[in-house]
Amino acid sequence: MHNHNKAEVEEVEKIEIDLLLEAVFRYYGYDFRNYATPFIQRRICHRVNKENLTSVSALQEKVLRDPVVMESLISDFSINVTEMFRDPEFFKSFRTKVIPLVKDYPDIRIWHVGCSSGEEVYSMAILLHEEGIYEKTRIFATDINASILDKAKKGTFPLDGMQRYTKNYFEAGGKRAFSEYYKAVDDKVFFHPFLQKNVVFAQHNLVTDHSFNEFDIIICRNVLIYFNKCLQNDVHKLFYDSLSLSGFLGLGKREGIKFTSYENCYGEFDASEKLYRKIK
């Protein structure tokens, strides 16, 4: 046997990762095969270390035999960097430019994709409430990660985030005292239940599940950056099929529809905040 050089070791690891993702897809139905390579590599190595294993193949064996390890891997793959009124300028633009155009709709349907632990969903509910249209809105908040959705449903967040969230809220055009929307108990805050009244939290896998409705607004911020080009296109097809004509699509700061098969189907509504409107 000759000693493997670095390139060969990397080649073996790449094969192992491909096989792990294939196994996860075939056994559990989660498809991570088109996620961006560097991201997937980092998360898998993290899980290999956490499980005290020496190879990706060993992780594959464990994942197939132990659903608990599979749960951990899904959590590793779902990014939960979020905050209330994240990127306040986005919410401000939404409030001042989109709301006036939808506020007379008889009802409004919003899909929050990759809603994580729910901070942005509660932010949206607060904004709609302040604009007087929450009552006629339905928000469908979905994520691939079931355990993080349970967290979102509770509407409970750590108190120490509230100072930053309050600042975001005012920068996003907030009209009240932010503390009106929650009550603090010890080191936690509980958002008022009325903010959940028109929200449906559901598990949805962007990669393998289909559209389930027609929406006036789809918000999907900072999810697509973890997908490769081919998967991004598939997801854009899903959004296009799920969005009503002249519906709005909101993406994350580092995302856009340029270079996708759908760029001609949208007009730039607010280019700096990545808000688009479906035109055909």
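The values are calculated or read from the model by the stated rules, or taken from the named source; none is laboratory data. These figures come from a predicted structure and were not determined experimentally. Methodologically, a virtual Cβ is constructed for each residue, glycine included, from the backbone with ideal geometry; neighbour enumeration extends over all protein chains shown. Side chains are part of the model used for accessible areas, which takes the heavy atoms of the whole protein and leaves out ligands, DNA and RNA. Shrake-Rupley method; radii C 1.70, N 1.55, O 1.52, S 1.80 Å.
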Open item on the list: Between 0 and 90 degrees, rounded to the nearest ten: what's the tilt of helix 56-65 against the longest Cα principal axis of the chain?
Closed with: 70
Open item on the list: Taking the 0 to 90 degree range and rounding to the nearest ten, how far is the long axis of helix 37-50 tilted relative to the main principal axis of the chain, both from C-alpha atoms?
Closed with: 70
- [ ] Consider the candidate values (1) 6, 19, 24, 23, 17, 9, 3, 0; (2) 6, 27, 31, 22, 11, 3, 1, 0; (3) 7, 30, 37, 21, 5, 1, 0; state which one is P(r) over Cα pairs in 10 Å bins from 0, in percent computed from the structure displayed.
- [x] (2)
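Quantify, in whole percent, the carbon and sulfur part of the accessible surface of region 15-115 (1.4 Å probe; protein heavy atoms only).
On the way: 2440 of 4900 Å².
Taking all protein chains in place, region 15-115 shows 50 percent carbon and sulfur surface.
Beyond 30 Å between alpha-carbons counts as too far, so tell me which of K167/K237; K154/K237; K151/K175; K14/K278 fall in that bin.
Details: K167/K237 36 Å; K154/K237 32 Å; K151/K175 27 Å; K14/K278 39 Å.
Pairs exceeding the cut-off: K167/K237; K154/K237; K14/K278.
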Task: Degrees separating the helix 162-171 axis from the principal Cα axis of the chain, which is the longest one - done: 60
TODO: Divide by every residue of the chain the summed helix terms, -39500 (n - 2.57) for each DSSP H run of at least 4, and state the resulting mean residue ellipticity at 222 nm, rounded to the nearest 500 deg cm²/dmol.
DONE: -12500 deg cm²/dmol
TODO: Would you mind computing, in nm to one decimal, how far apart the modelled labels at E89 and K183 are, each placed 7 Å from Cα along Cα→Cβ?
DONE: 3.9
Open item on the list: Leaving ligands and nucleic acids out of the surface, order E171, E51 by accessible area at 1.4 Å, largest first.
Closed with: E171, E51
Task: Neighbourhood net charge (13 Å Cβ-Cβ; Lys/Arg +1, Asp/Glu -1) for A58 - done: -1
- [ ] Within region 228-280, list the chymotrypsin sites (Phe, Trp or Tyr not before Pro) lying in a DSSP loop whose Cβ has at most 14 other Cβ atoms in a 10 Å radius.
- [x] F259
Task: Out-of-range pairs (alpha-carbon distance over 28 Å; input K62/K188; K50/K229; K97/K197; K97/K258; K103/K274) - done: K62/K188; K50/K229
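Check each of the chymotrypsin sites (Phe, Trp or Tyr not before Pro) in region 122-190 and keep only those in coil by DSSP with at most 10 other C-beta atoms within 10 angstrom; list them in order.
Details: sites: Y122, Y134, F140, Y165, Y169, F170, F178, Y181, Y182, F190; in loops: none.
Within region 122-190, no chymotrypsin sites (Phe, Trp or Tyr not before Pro) qualify (loop, at most 10 other Cβ atoms within 10 Å).
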Open item on the list: Starting from the 7 Å offset along Cα-to-Cβ, what nm value, one decimal, do you get for the label separation of N49 and S75?
Closed with: 1.7
Open item on the list: What number comes out for accessible area per residue over the chain if the probe is 1.4 Å? Units Å², please.
Closed with: 49
Task: region 26-70 and region 141-178: distance between their alpha carbon centers, rounded to Å - done: 30
